[in-house]
1. Tally time: how many residues in the range 18-58 are at pLDDT below 95 and outside any strand (DSSP E or B)?
2. Filter the range 79-97 down to residues that are open to solvent by 80 Å² or more (accessible area, probe 1.4 Å) and either away from the ligand (no atom under 12 Å from the Cβ) or at pLDDT 95 or above (or both) and give me whichever is nearest to PHE62 (Cα to Cα).
3. Between residues in the range 116-132 that are within 16 Å of LEU44 (Cβ to Cβ) and in a helix (DSSP H, G or I) and residues that are near the ligand (Cβ under 6 Å from one of its atoms) and open to solvent by 10 Å² or more (accessible area, probe 1.4 Å), which pairs lie under 8 Å by C-beta distance while being six or more apart or on different chains?
4. Among the residues of the range 80-120, count how many are farther than 16 Å from SER52 by Cβ and of a type in the set (A, V, I, L, M, F, W, C).
5. Report, by residue number, each residue of the range 17-50 that is in contact with an Asp or Glu (Cβ under 8 Å, 6 or more places away or on another chain) and more than 16 Å from the ligand (Cβ to nearest atom).
6. Among the residues of the range 133-174, which ones are part of a strand (DSSP E or B), within 12 Å of the ligand (Cβ to nearest atom), within 13 Å of the chain's Cα centre (by Cα) and without any contact (Cβ under 8 Å) to a residue 60 or more places away in the chain?
7. Tell me, please, whether a residue that is open to solvent by 40 Å² or more (accessible area, probe 1.4 Å), under 21 Å from ARG25 (Cβ atoms) and either within 16 Å of the ligand (Cβ to nearest atom) or not charged (D, E, K, R) (or both) can be found in the range 115-123.
8. Can you tell me which residues in the range 152-174 are within 17 Å of GLY65 (Cβ to Cβ) and either touching a Lys or Arg at 6+ places or on another chain (Cβ under 8 Å) or of a type in the set (S, T, N, Q) (or both)?
Amino acid sequence: MTVPDWLGDVISTVPDFPIDGISFRDLSPLWASPSAMSRATVALADGAAGVSAVVGIEARGFLVGMALAQRLGVPFVAARKPGKLPGEVIGVDYGLEYGSDRVELQTGALDADDVVVIADDVLATGGTAAAVVSLVRSTGATVHSVRVVLELDGLDGRSPLEGVDVMAIGSVPG
Ligand code: AMP
C-alpha cells in the first residue's frame, strides 16, 4: 500500500461490498474532511495548469472533479449514466465484467479546442475511465490526463488507458 498518511487516514475499507470478494474503498471520510479534501485537490491539480475543463465520472468523480475544476478555475463537465442528461447527448457503450454500461456527455459540452482532465475517485480495471477517454476524444477534445485519488493494484487498470497520462495520489491492493 502506497498512500500518504493524511490520505490513508480517510480511506475506509469495507470487505465484501457490494458483493463477496470485493474490498470496497470507501472515501466517505475523505469527503467529510475539509483539510484532507483540500490536500487531495491540491495534489490532483499538480501539473494540470492550463487545461480547459475537468470531466468528472458519475458519481464519485463529480466530487473530485468539481473540487479540481474549482481549483484550476475551469468548467466542470459531468460524464453521466444513460438517461440522466437532458437535451442532446453523445455516448459510448463499454463492457463490464458482467454486462455492459454506457456513459454520456451533453452535446456541445466540449469541443476540439478543449484540453481535458478526467477525474474519478478510484481506478479499478480502468474500463470506465477508458470509455470516458474515448467519449471525450469523440468530441475532438484532447485528453490531458486521467486523475484519481486511489488506484487499485493488481487490476491492470492502466492497460485500457495505454498512451494516456494517469495520475493517482495513492495506490492500495485491489
Ligand atoms: P473500473 O473497474 O476502473 O471501471 O471502476 C469503475 C468504478 O467503480 C470506478 O469509478 C470506481 O469508483 C468504482 N470502483 C471499482 N472498484 C472499487 C473498489 N474496490 N472500491 C471503491 N470503488 C470501486
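The values are calculated or read from the model by the stated rules, or taken from the named source; none is laboratory data. No experiment lies behind these values; they were computed from the predicted model shown. Don't worry about glycine lacking a Cβ; one is built from the backbone with ideal geometry, like all the others, and counts go over all protein chains shown. Each accessible area value is taken on the protein alone, full model and side chains, heavy atoms only, with ligands, DNA and RNA left out. Shrake-Rupley method; radii C 1.70, N 1.55, O 1.52, S 1.80 Å.
1. 5
2. LYS81
3. From the range 116-132, the pairs are ALA129/ASP120.
4. Count: 6.
5. ALA36
6. VAL146, GLU151, VAL166, ALA168
7. Our first condition is that a residue be open to solvent by 40 Å² or more (accessible area, probe 1.4 Å); within the range 115-123, this holds for 115.
Retained after the next criterion (residues that are under 21 Å from ARG25 (Cβ atoms)): none.
For the range 115-123, residues open to solvent by 40 Å² or more (accessible area, probe 1.4 Å), under 21 Å from ARG25 (Cβ atoms) and either within 16 Å of the ligand (Cβ to nearest atom) or not charged (D, E, K, R) (or both): absent.
8. Those that are within 17 Å of GLY65 (Cβ to Cβ) and either touching a Lys or Arg at 6+ places or on another chain (Cβ under 8 Å) or of a type in the set (S, T, N, Q) (or both): VAL166, MET167, ALA168.
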